[in-house]
Amino acid sequence: MNIIKKLKDSLGKELGALTGLILLGAIMTFATPYFLTLTNLMNILRQSSLIAIAAAGMTFVIITGGIDLSVGSVLSLSSCLTAGMMVSLGWNVWLAVFLGLIAGGILGIVNGVLITRVPLPPFISTLGMMGVARGLSFVYTDGAPIYGLPESFKYLGAGMIGPIPFPAILMVIIYLISYFLLNKTKVGRYAYALGGNEEAAILSGINTKKYKTIVYALTGLFASISGMILSARLDAATSVAGDGFELDVIAAVVIGGTSLSGGRGKIIGSLIGALIMGVVRNGLNLLLVSSHWQRVILGLIILLAVTVDVVRKQSSEDQDGTLSSFFAGLKS
Amino acid sequence: MDKLLEMKGISKSFYGTQALKDVNIKIEPGEIQAVCGENGAGKSTLMNIMTGILQPNEGEIIFEGEKLTNLDPRTAQEKGISIVHQELSLCPEVSVAENIFMGRVPEKKRGMVNFKEMRKEAEKVLKRLNLDIDVKQPLGKLGISEQQMVEIAKALSINAKILILDEPTSSLTESESQILFDNLLRLKKEGIAIFFISHRLKEIFQICDSFTVLRDGVHVGDGRVADVDPDDIVRMMVGRELDQAYPDKGTEVGQNILTVENISRKDEFENISFEVNEKEIVGLFGLIGAGRSEAMQTVFGINQPDSGKIKLFDKDITANNTRENIDQGLIYITEDRKEQGLFLDMDLNANVVAADLEQVSENSLVKKKKVKDIGGKFVDIMNTKYASLDQPVKSLSGGNQQKVLLAKWLAVDPRVLILDEPTRGIDVGAKFEIHTTLRELSNNGHAVMFISSELPEILGLSDRILIMHQGKLVGELDADTATEEEVMMYASGRKNDFEN
């Protein structure tokens, strides 16, 4: 009994998302015999890893009360840069990857600086970066895909360790690191603090500018990791890669129970959110549902997830008798 | 004893308004000093300068014999100057321990939080305040008074030598306040100097050693609390004799304007009937939860009654919505000016005309000049203190914000005014001006009804008093002959004239 309660406490809001994931899995298992096979499950993990990895970074940003719309463009630009360095310049694969990731981090830092020093609202700053990075990606590649990536690089996307795809392992590692950062380090704890009450954080002497910038740098870095995996899997880096990616990433975080008004959320929720999206896409593909209808269904799932969250929050606030904070939450 | 802190010749201005002018203040270790003044007198500004949140234009701060220049919040904290703000500045989602150590979390290695150490230290600080709470739980789970103690613990945890408390009791009950005072006396024994900002004179005389009074940004007096009585401090605060705390009562009652017959709303109130007449102020008293605001909001049309009738000038307005009622001259002024009454980021003009844009429009287009004329006119009628009509309302003091709120509703030319706690949280001077305005409106033929939780205000301002208890009207008294005890008898449910 005690253990169940503890588990429930530690999972908190994520319990809902987890239940949703299991339920979806069960439905898909009944709906199609192709769903519950090792190959297919591994396939889902591989597909979900792209969104999941970027969502880990996005979780930090959203917990601070911000948003990053530029992850899709950053994914594209960093992967094109890396591909260019490998293919056109013939540089060492790992040096190219390293520099590509650095580029992603720098784009994130630029976001952070614009947001904290100008200061621009995160929505505007990253909306601008979304255009700039995407444009630069087109300029760099002249709109043509870069093919013929080295075999050792392709391992990032297609490699297997035993039955498990390499991207899935990378995803797990990144979530372990993110969990540690968010729960055990100052960066994470201050992210909650400044998302919950920025004024209080400033008055407490927290260097909010520094920690916000770190958080955007992290998102840029994680988005470019997704970029590497994507181009490695497709064996091509393109300037159109990751178009609309930012919305999938934000959706994963939101389905996972992180509040867009900041201050609350858990990293594990975003992983579950990404997996939910992966399971739905995969299941609908297996059921031969057209991609047009898939968009409709994914949209409905986002609405459902947030509605469940809001209603649950409302009822727990009612019990506490502090409805006003709920209204305050609605307003922001 | 040696001075711990001395501030000399402090001046500060905003938006061209002089908020502080040549103010001096000092404190010794173990001293509890009251800082008094009406809203807008400059108390908060002074405290914000002391804690490095604002920089003074002139003057110097000497702390433990050392002159502090370009003080910022972090340095002030490190020196040991801590403030507990009126509005709690904590993060509800974060644990109690983390809130206490926010900005200074102990680290294991670089960047890694040492939770064990932090919890141990947090418990230690809370113990100084005789508080035994689970420091791992999110702060939001605690009650308001406990949250406030956590704030004080936070201030103490940085080795505070000076603790500033800004209206610490405004959201506490009497017994919670007592716990706070016990803690303050404990800290006083430890040699901590405390600045205590409060509107409640009773508390000042209960706990403070000394006082400083500010008026309109100027230092007007200080001394030992033992040497003065409450009236002396009030006189210094308002700068005039309080020969008459309330305006004269009305002399005659005009014709009936608003009639409410047996209105009920499930779980809120039942069978409420009353009349409000021209040239009359009716006070509605009741304890919290008596259903006063709910009943008045229903009269105004925010909600519709389940049964009963509401008539304005013999016209049935029971089914009216708020817009229709405003157009017919019935208005309701909310008790919550910040959340429900004003657009805090908009300027004075825009706020005043917000309830009726028709009168400042031509051909459906808002005319800037008309906004200025009408905005300025009503803000001045209310005697509001401001630097510019273009300044945002949030830059005004509470009392002046309340006047802008009133100005906004006067601009729609109402006949019946229902006001919910019109003077809550505002200073004595602004209160008197609002009372005077209400009486003038009434004398000019308006019907005024107000809700208040303050007995002296109910007795002093009203001509007639209505009392509610648990959703029912239980008494109606003539304000000239009623006493506080009598009103309380009804409000607490021990007396009921309308048993049914």
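FYI, it's all coordinate maths here, none of it is from the lab. Keep in mind the model is a prediction, meaning the values are calculated, not measured. Positions of Cβ are backbone-derived with ideal geometry, glycine not excepted, and every protein chain shown enters the neighbour counts.
Taking the charge dipole of the protein assembly as shown about its Cα centre, with +1 at Lys and Arg Cβ atoms and -1 at Asp and Glu Cβ atoms, the residue from B:371, A:197, A:297 reaching farthest to the positive side is A:297.
With a simple spin-label model that places each label point 7 Å from the Cα along the Cα-to-Cβ direction, the separation between residue B:252 and residue B:498 comes to 2.8 nm.
Can you pull out the GluC sites (Glu not before Pro) in region B:134-224 whose DSSP state is coil and whose Cβ has at most 13 other Cβ atoms within 10 Å?
Values: sites: B:146, B:151, B:174, B:176, B:190, B:203; in loops: B:190.
In loop regions of region B:134-224 (DSSP not H, G, I, E or B), the sparsely surrounded GluC sites (Glu not before Pro) are B:190.
Here the label points at residue B:235 and residue A:41, each 7 Å from Cα along the C-beta direction, are separated by 8.6 nm in the simple model. Computed from the C-beta positions of residue A:138 and residue B:363, the FRET efficiency with R₀ = 51 Å rounds to 0.60.
Under the convention that each Lys and Arg Cβ holds +1 and each Asp and Glu Cβ holds -1, the size of the dipole of chain A around its Cα centre is about 580 debye. Consider a paramagnetic label point 7 Å from the Cα of residue B:185 along Cα→Cβ; state which residues of region B:120-153 have an amide N under 14 Å from it. Answer for region B:120-153: none. For region B:5-238, the alpha-carbon radius of gyration amounts to 1.02 times the rule-of-thumb value 2.2 N^0.38 Å expected for a compact globular protein. Taken over the protein assembly as shown, the ratio of Cα radius of gyration to 2.2 N^0.38 Å equals 1.12. In this structure the amide hydrogen of residue B:332, modeled in the peptide plane, comes within under 5 Å of the amide hydrogens of B:418, none closer than 5 places in sequence on its chain.
For region B:341-402, the relative contact order comes to 44 percent (Cα pairs under 8 Å, sequence separation of at least 6). The charge dipole of chain B, taken about the Cα centre with unit charges on the Cβ atoms of Lys, Arg (+1) and Asp, Glu (-1), comes to about 2020 debye, rounded to the nearest 20. Note on region A:202-247 and region A:79-126: Cα centroid distance 8 Å, given to the nearest whole angstrom. Mean sequence separation of contacting Cα pairs (under 8 Å, at least six apart), scaled by the length of region B:59-213, corresponds to a relative contact order of 27 percent. Centroid-to-centroid, using Cα positions, region B:321-379 and region B:258-277 are 28 Å apart.
One decimal place: the segment residue B:28-residue B:383 gains 123.9 nm when fully extended, by the rule 0.36 nm per residue minus the C-alpha distance.
Rounded to the nearest 500 deg cm²/dmol, what is the calculated helix-only ellipticity per residue at 222 nm for chain B, with -39500 (n - 2.57) per DSSP H run of length n ≥ 4? Mind dumping the intermediate values first?
Details: 16 runs with 159 residues, N = 500.
Mean residue ellipticity, 222 nm, calculated: -9500 deg cm²/dmol.
Please tell me which of these pairs span more than 30 angstrom C-alpha to C-alpha: A:212/B:408; B:309/B:431; A:186/B:21; B:8/B:124; B:367/B:394; A:212/B:372?
On the way: A:212/B:408 40 Å; B:309/B:431 34 Å; A:186/B:21 41 Å; B:8/B:124 36 Å; B:367/B:394 24 Å; A:212/B:372 41 Å.
A:212/B:408; B:309/B:431; A:186/B:21; B:8/B:124; A:212/B:372, as the Cα separations exceed 30 Å there.
For the pair region B:181-231 and region B:447-498, the centres of their Cα atoms are 33 angstrom apart. For chain A, adding -39500 (n - 2.57) for each run of n ≥ 4 DSSP H residues and dividing by the number of residues yields -26000 deg cm²/dmol at 222 nm. Taking θ as phi - 60° and the Karplus parameters 6.51, -1.76 and 1.60, the scalar couplings of region B:62-77 work out to 10, 10, 6, x, 10, 7, 9, 10, 6, 5, 10, x, 5, 5, 4, 4 Hz in sequence order, x denoting glycine and proline.
What FRET efficiency, computed as 1/(1 + (r/R0)^6) with R0 = 25 Å and r the Cβ-Cβ distance, is obtained for residue B:324 and residue B:444, rounded to the nearest 0.05?
On the way: r = 24 Å, r/R0 = 0.96.
Efficiency at R0 = 25 Å is approximately 0.55.
I need to check one value: relative contact order of region B:387-448, counting alpha carbon pairs closer than 8 Å and at least 6 residues apart, in percent. Working shown, then result.
Details: 33 pairs, mean separation 23.2, N = 62.
The value is 37 percent.
Compactness of region A:48-309 is given as radius of gyration and Dmax, 17.9, 56 Å, from Cα positions. Between the residues A:207, B:289, A:42, the greatest Cα displacement towards the positive end of the dipole of the protein assembly as shown, with unit charges on the Cβ of Lys, Arg, Asp and Glu, is found for A:42. Between residue A:152 and residue A:306, the simple spin-label model (points 7 angstrom out along Cα→Cβ) gives 4.5 nm. Taking A:23, A:221, A:127 as the candidate residues, the one with maximal mean-square fluctuation in a Gaussian network model of chain A, Cα springs under 10 Å, is A:23.
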